[in-house]
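*Asks:* Quick one: the structure is below, and I'll ask about it shortly.
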Amino acid sequence: MVRADNPEHLESNTPLVVQGEGFTNDGIIPHIFSSMPALNDAASYLAQTTSYLTGCFSDYSVEHSPRCFGSSGTNAQELVEFSSGETYASSSTEIEHIPLLTNVESSNAATSAATHMHDEINGTSGGDMLQNSSALVESNRIGQSGISIFQSLIERARRTVRGSADDIGWLQRDPGMPPVEDGTERFLEILDNIKHGVHKLPNSMVYLLIPGLFSNHGPLYFVNTKVSFSKMGLACHIAKIHSESSVEKNARELKEYIEEIYWGSNKRVLLLGHSKGGVDAAAALSLYWSDLKDKVAGLALAQSPYGGTPIASDLLREGQLGDYVNVRKLTEIIICKVIKGDMRALEDLTYERRREFLKEHHLPEEVPIVSFRTEAGISPAVLATLSHVAHAELPVVAPAGEPRKLPVVMPLGAAMAACAQLLQLRYGEKSDGLVTCRDAEVPGSVVVRPKRKLDHAWMVYSSLNDDPSEGDASQVCEALLTLLVEIGQKKMHELAMKDE
């Protein structure tokens, strides 16, 4: 038999549930709900901050389990179903209209109301959890993106600071490269004889001078040397190639140039290349030796970046801080648009390209090679050095007069000194301003290492304040070719002895 309860018992239990259609600030549950947004915001803020800071110092990543997302989805669904509050309203109305309830009914009603309140809390908490989870995932994504940018910046800074430190002198460290021989002492003896009027270059050969990069914009490039050789009755030519072209293109043009000279004169050709001209000439011998071995007597490389140059590599290396200001693009505009050259001309002088080329194409062992490397002076006196690079003709004033020529000078020595000092400070390497001493030494060659301070431009442009007692650029070129002739004769003698 079910016993009816006292209505006062119902009244005493009623405030524990709800009154009316909404929640008032006097109940327990309203206090909980009013505090939830603040807690949720604080938790979201702490989660975002922790995720970012932790990710900056470690490889932190947030992984959400499927169970957590499933629970969040369930809670979100409950929130949708019970967010209107209609259930609570109907329950409250039924309680007000029933005057007397049994214990079972009262207990069921209380249980039902409590269940509804619990679902309400779960639904609201689930929605907040889903929102916080989404915010956390978004925060983690933004944090990971920020970390990726930060790591990229650090890597770019590292590559920029490191530069070409690991590449300079790689030829000497490569175990597959043949050793070099020091010919400095013999070179100085020959140079001293030349200064005293003793000239031993034979006229049975043709001498081909190969200019370097940007030589098309220097009208006097190698001109003094050619004039000096012509006065001695020697056949001398300056190769007419587009120096701003790629190494392989110039190598093919040089091959054709050498063949024309040989067929026209029936004389073997002795090559002297300066800077990139030496690299182009060496490439011609490496690629076309089968066609040139009877036509070429030897090769002298003067200040040539045979192993590469840090100037080209540092300008064109990708993944550096310079990418933010498009250094490579600016260089490309200068070379291609202003100078009308080929970007590959500079790219072929980077360490990466030189490694690739020399791995596939070696210089023939039987060809005589001389390599000449120098160190630029960095003293304050160099700042006053001016190089004669061109002539400027003044208009004729008198009817019978001749136009006067004025020298066009540039402070190339100062520019080379600044570059040499930069390479010295950054890498601790001696250089002529553009090419380090170690990168100019060709493996298997006879190397000339003068103590005299000579920059990269001195070999082809005469300086206005040169010391006559030291020898000028044309005399140095003559001494290099004379040494090359002696080395060629020595090699021929050794080969003859082997054949016997």
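*Asks:* Mind listing the long-range amide H neighbours of Ser431? Cut-off is under 5 Å, sequence gap 5 or more, other chains count too, H placed in the peptide plane at 1.01 Å from N.
*Replies:* Ala376, Cys437
*Asks:* For Cys236, list long-range residues whose amide hydrogen, built 1.01 Å from N in the peptide plane, is under 5 Å from its own amide hydrogen.
*Replies:* For Cys236, the qualifying residues are Tyr207.
*Asks:* Which value, in Å² and to the nearest 10, is the accessible area of Ser145 when all protein chains are kept and the probe is 1.4 Å?
*Replies:* Its heavy atoms expose roughly 60 Å² to the probe.
*Asks:* Can you return the lysines within cross-link range of Lys195? Criterion is Cα-Cα under 16 Å, with same-chain partners fewer than 8 residues away left out.
*Replies:* Straight-distance partners of Lys195: Lys231.
*Asks:* Cα-Cα over 32 Å: which of Lys226/Lys453; Lys453/Lys498; Lys359/Lys430; Lys430/Lys498? Mind showing how you got there, number by number?
*Replies:* Details: Lys226/Lys453 23 Å; Lys453/Lys498 41 Å; Lys359/Lys430 26 Å; Lys430/Lys498 40 Å.
Pairs exceeding the cut-off: Lys453/Lys498; Lys430/Lys498.
*Asks:* Okay, next question. Using alpha-carbon positions, what is the distance between the centroids of segment 301-319 and segment 159-188, in Å?
*Replies:* If we compute the Cα centre of each part, the gap is 13 Å.
*Asks:* Continuing with the same structure: At a probe radius of 1.4 Å, what is the per-residue accessible area of His456, in Å² to the nearest 10?
*Replies:* 10
*Asks:* From the backbone phi of segment 225-231, what are the Karplus-calculated ³J(HN,Hα) couplings (6.51 cos²θ - 1.76 cosθ + 1.60, θ = phi - 60°) in whole Hz, Gly and Pro given as x?
*Replies:* Calculated HN-Hα couplings, in order: 5, 4, 4, 4, 5, 5, 5 Hz.
*Asks:* Under the Kirkwood approximation applied to all pairs of distinct alpha-carbon atoms, what is the hydrodynamic radius of segment 158-288 in Å? Don't skip to the answer; put the middle values down first.
*Replies:* Values: mean 1/r = 0.0582 Å⁻¹.
Kirkwood radius, segment 158-288: 17.2 Å.
The values are calculated or read from the model by the stated rules, or taken from the named source; none is laboratory data. Please read these numbers as outputs of a predicted model, since none were measured by experiment. In case anyone asks, the SASA skips ligands and DNA or RNA and just uses the protein heavy atoms, side chains included. Shrake-Rupley method; radii C 1.70, N 1.55, O 1.52, S 1.80 Å.
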